[in-house]
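Quick notes on the structure that follows.
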Amino acid sequence: MNENYKTILQDIQAIIDRDPATNSKLEAILCSSGLHAIIIYRGAHWLWRKNWHLMARIISQMARFFTGIEIHPAAKIGKGFMIDHGMGVVIGETAEIGDNVTMYHDVTLGGRKLYDAHGKKLAKRHPTVGNNVTIGCGAQILGPITIGNNVKIGSNAIVIENIPNNSTVVNQPAYIVKKSTATEEIFCAYGIETAQCLHTTKQRRKKEQNNI
């Protein structure tokens, strides 16, 4: 549980770093429904790993009732995860999410191939999302596909195929409109890389380096 506590602190810090409407950790804890859902998920996931599956599911459904965000307790989510606004987000049972991922409202990490010739299919059927990924509102990422590191997915995109690292995808079905050779994280709200966003990001990094 101590590791869970450290991860929750990183989730809180992610909101401070990426949400300009949040000015303090206290405000994040009291007012962010996305953070509430993530904290409850961390506890439910711990119970799931201890084989308290029914209790974990009940707790996750309580979180859904209070926050409008549904995260299956079996899903695997890395540190620094942020759900902004949150309402309508669905993260399925076999979904895997890396570190420092940002997700907006109405996003679905959904399953495909739910049934085979012999009945219910319980194997991997949800997406795997890499590190430093931004997923715009309304995006639907479906099936056991892989989203690479540093990917930006536009609002309302429908993604049904693997996306390579450092790509920006849009539309229905989603296709790549930009591929970068950069390997470092650049966060821009909703995945929109404006000149102002990039300048602000560089300024923040310079300030962090000066404080080391």
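The values are calculated or read from the model by the stated rules, or taken from the named source; none is laboratory data. Quick caveat, the model's predicted, so the values are computed rather than measured. Ideal geometry is used to build each Cβ from the backbone, glycine not excepted, and the neighbour counts take in all protein chains shown. Accessible surface areas use protein heavy atoms only, side chains included; no ligands, DNA or RNA. Shrake-Rupley method; radii C 1.70, N 1.55, O 1.52, S 1.80 Å.
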Sequence of Lys124, Lys6 when ordered by accessible area, the most exposed leading, probe 1.4 angstrom: Lys6, Lys124
Reduced Cα scattering model of segment 47-116, Debye log10 I(q)/I(0), q = 0.27 Å⁻¹: -1.31
Please list Ile12, Ile59 from largest to smallest accessible area, probe radius 1.4 Å, with all protein chains kept in place. Ile59, Ile12
Could you order the peptides 23-36, 92-105, 45-58, 153-166 from most to least packed, using the average number of other C-beta atoms within 10 Å per residue? 92-105, 153-166, 23-36, 45-58
On average, how much accessible surface per residue is there in segment 20-116, in Å², for a 1.4 Å probe, leaving out ligands, DNA and RNA? 50
Along its three principal axes, how long is segment 1-63 when you only count alpha carbons? Whole Å, largest extent first please. 38, 23, 15
Out of the total accessible area of segment 12-135 (probe 1.4 Å, heavy atoms of protein only), what percent is carbon and sulfur? 58
Using R₀ = 35 Å, calculate the FRET efficiency as 1/(1 + (r/R₀)^6) where r is the Cβ-Cβ separation of Lys178 and Asn23; round to 0.05. 0.60
P(r) tail for segment 1-147, what percent of Cα pairs lie past 23 Å? 31
